[in-house]
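Bear in mind these aren't lab numbers, they're just calculated from the coordinates by the rules spelled out. What you see is a predicted model; the values in this text were computed from it and never measured. No Cβ is skipped: glycine too gets one built from the backbone with ideal geometry, and neighbour counts run over all protein chains shown.
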């Protein structure tokens, strides 16, 4: 529960300043530099590794995957997701700084089991429930995973780094796999 609370506090901190326009940069749209994503982790500093882990939802294999987004310069997380064809949906209250859905998961009509046995339905109105949420993680080259200190629209990533969207349900998984 402490980890979920910390994630929510970090997310709120990222939301305390006005978010910049999350419009994709030229690198993500291909206007200047062609950014290519392949379904494999990056090796060395060939790009940014993008991971989506929805395993807590059971049958979310069509959502969970790993990509290498080729880039030789810094890229914001939102652009890396866009290059990997990962679609995120924010909340009514916090916009794209709080991730509510990834590639449509969890669906608005999907019942998520709460710890008390009740069903929860994510409506993306405000902060997701502390027991069922997407969190944004970053990993420096040769480093350890840590909660991102910014939202997807502003989190800068350098070649060799990794970014992950992790869905946690009732405390599991508590952190990305190594």
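For a protection proxy built on the mean count of beta-carbon atoms within 10 angstrom, sort 107-116, 90-99, 59-68 highest first, please.
Averaged packing, sorted descending, gives the order 90-99, 59-68, 107-116.
Using a simple spin-label model with points 7 Å from Cα along the Cα→Cβ vector, what separation in nm is obtained for residue 108 and residue 92? Result for the modelled spin labels: 1.0 nm. Across segment 76-169, C-alpha contacts under 8 Å between residues 6 or more apart give a mean separation that, scaled by the residue count, equals a relative contact order of 30 percent. Give the shape of segment 71-167 as rounded, prolate or oblate, defined through the alpha-carbon gyration tensor: a ≥ b ≥ c are the square roots of its eigenvalues, a/c under 1.5 means rounded, and otherwise the shape is prolate if a/b is larger than b/c and oblate if not. Verdict is prolate for segment 71-167. Placing a label point 7 Å from the Cα of residue 156 along the Cα-to-Cβ line, the residues of segment 76-91 whose backbone N sits under 11 Å from it are 76. Over segment 67-111, what is the mean sequence separation of C-alpha contacts under 8 Å (at least six apart), divided by residue count, expressed as relative contact order in percent? Across segment 67-111, relative contact order equals 26 percent. The overall shape of segment 51-104 is oblate: from the C-alpha gyration tensor, with semi-axes ordered a ≥ b ≥ c, the ratio a/c is 1.5 or greater and a/b is no larger than b/c. Computed from the Cβ-Cβ distance with R0 of 25 Å, the FRET efficiency linking residue 118 to residue 177 stands at 0.30.
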